[in-house]
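To start, the structure under review is shown below, and the notes come after it.
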């Protein structure tokens, strides 16, 4: 019969130092993920506002394309002339458009540029441009 003499190599389990290192690595990873969530949320909100601003600009372009050439809303200049049209439930977005009649030989075209602006972490704006023919 042989008795086994457990030596140093036969020990099993983890030491307290190994456990502390593992906890430190896990904590660092969890904290890093915790910092990404607010950044992703902010980016998502910013993208949502950009999409909404593009929709407001496209909506105005489509409304203007239904007008006749002689309509006063298509006169050269800025519309509305002094302020911006407020959009949204709490006026987060503002919109205006500019109409310019092209020079000859393209004087049968009008360039319409719609600008939508908003403030979220600083000022932003998008523009949509279309050309209307007589």
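Restricting attention to the stretch 26-70, report how many residues are free of Cβ contacts under 8 Å to residues at least 40 places away in the same chain and over 30 Å from residue 108 (Cα atoms).
Summing the residues that are free of Cβ contacts under 8 Å to residues at least 40 places away in the same chain and over 30 Å from residue 108 (Cα atoms) in the stretch 26-70 gives 21.
Answer yes or no: is there a residue in the stretch 117-129 that is surrounded by 11 or more Cβ atoms within 10 Å (Cβ to Cβ) and over 18 Å from the mean Cα position of the chain (by Cα).
Quick first cut of the stretch 117-129, residues surrounded by 11 or more Cβ atoms within 10 Å (Cβ to Cβ) only: 117-120, 124-129.
Next, from what is left, pick out any that are over 18 Å from the mean Cα position of the chain (by Cα): 129.
Yes, the conditions are met somewhere in the stretch 117-129.
Every number in this text was worked out from the coordinates using simple rules, so none of it is lab data. If you're wondering where the values come from, they're calculated on a predicted model, not measured in any experiment. Note: ideal-geometry Cβ built from the backbone for every residue, glycine included; neighbour counts use all protein chains shown.
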